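The values are calculated or read from the model by the stated rules, or taken from the named source; none is laboratory data. Keep in mind that what you see is a predicted model, and the values were worked out from it rather than measured. Ligands, DNA and RNA are excluded from the accessible area calculation, which covers all protein heavy atoms including side chains. Shrake-Rupley method; radii C 1.70, N 1.55, O 1.52, S 1.80 Å.
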Amino acid sequence: MENLLSPEASLWSLFAASFLASTLIPLSSEAALFAVLKMRADLLWPALTVATLGNTLGGMSSYLIGRFIGAKKPLTQLERVRRYGAPVLLLAWLPLVGDALCLASGWLKLNWSAVMLFQAMGRLARYGVVSIGTLG
């Protein structure tokens with residue numbers, strides 16, 4: 001049981017939950033972050049980093065799906081993403097809408113590094129708010 005609660009295991013579990021939560025799998029990465037921080041408040045910065053990285057990489061998997069499937073089917077709401085460009089990915093953390101934004105950004109072949117940067121910024125801000133609420 002101790003290995004399940006080790007800092008490394010906690011962070012790997014958080015990474016997995018964060019990655020999967022940013023795909024179409026309905027998980028709460030916020031709940032995973034909350035649990036890690038409640039058990040190990042000393043892991044604040046590693047947990048923020050791991051959650052942001054996992055969630056951003058999960059979002060980039062949706063970007064890649066959009067990029068490779070792109071042009072095969074019309075996708076609604078593309079014009080909105082085209083109009084605002086990569087900065088709209090600051091909202092990639094939103095449930096359901098965020099998945100569509102990531103997919104659409106790949107579909108439109110937006111610059112991957114800008115997409116990843118804006119996703120990471122939005123996701124880090126959200127996890128920062130969760131952390132503040134958790135640790136008070």
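Based on DSSP H runs of at least 4 residues, each adding -39500 (n - 2.57), what is the mean residue ellipticity at 222 nm of the chain after dividing by all its residues, to the nearest 500 deg cm²/dmol?
Value at 222 nm, helices only: -23000 deg cm²/dmol.
Consider the candidate values (i) 22; (ii) 14; (iii) 39; state which one is percent of Cα pairs over 27 Å apart computed from the structure displayed.
Correct label, based on the coordinates given: (i).
How big is the accessible area of E8 in square angstrom, nearest 10, if you roll a 1.4 angstrom probe over the protein chains?
Approximately 120 Å² for this residue.
Under a 1.4 Å probe, what is the accessible area of the range 1-48 per residue, stated in Å²?
On a per-residue basis, 63 Å².
Per residue, how much space in cubic angstrom lies within the convex hull of the C-alpha atoms of the range 61-136?
Taking only Cα atoms, the range 61-136 has a hull volume of 80 Å³ per residue.
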